[in-house]
Ligand SMILES: [Zn+2]
């Protein structure tokens, strides 16, 4: 997997849980580009997969990188876990890590379909300019959800990835505590 880590978490923490999620739905993970960004919504995770053979990354002006990818790639947003200045209002790190695993598994299933190379790889373009059905009715989304249900039934749920989920949860918690300390330092100075 070619990890593009736009968060402050260590690469290895993200890498192990992402690869585990890909294996849960039997995607080929080794040459796939996955970009992780930091979200602002507490505990909420989202992703977007696209069919592609090459990904162009802009790391700043005049700084473009090309990465080859195995049929598809995806972006995934890491849930925010934050200790607010007012109290204990933070996203539960364990639930957030579990949401990340589940979201990654869903996105990996889109990539797996691009890797299988069926007609579904082209569904995103829409047929003859007709409007696409709402998200929940799209066949590729229904298949992705069904694949996640199958993975659960095969015992490849978040419990199967327990160790990776816990490692991510601990890293998220550590960041939240660092942020809390920074907020408190600012409050003392103010
Ligand atoms: Zn989807």
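Of the residues making up region 25-44, at least one is within 16 Å of the ligand (Cβ to nearest atom), at pLDDT below 95 and surrounded by 13 or more Cβ atoms within 10 Å (Cβ to Cβ). Here is a check on your reading of the model: is residue 10 away from the ligand (no atom under 16 Å from the Cβ) and at pLDDT 95 or above? So residue 10 passes the test. Restricting 57, 94 to those that are in contact with a helix residue (DSSP H, G or I) (Cβ under 6 Å, 6 or more places away or on another chain), surrounded by fewer than 19 Cβ atoms within 10 Å (Cβ to Cβ) and more than 26 Å from residue 143 (Cβ to Cβ) reduces the list to 94. Being within 16 Å of the ligand (Cβ to nearest atom) and either at pLDDT below 90 or under 27 Å from residue 154 (Cβ atoms) (or both) is a property that holds for residue 47.
The values are calculated or read from the model by the stated rules, or taken from the named source; none is laboratory data. Owing to the predicted nature of the structure, the values given are computational and were not obtained by experimental measurement. Glycine gets a Cβ as well: all are built from the backbone with ideal geometry, and neighbour counts include every protein chain shown.
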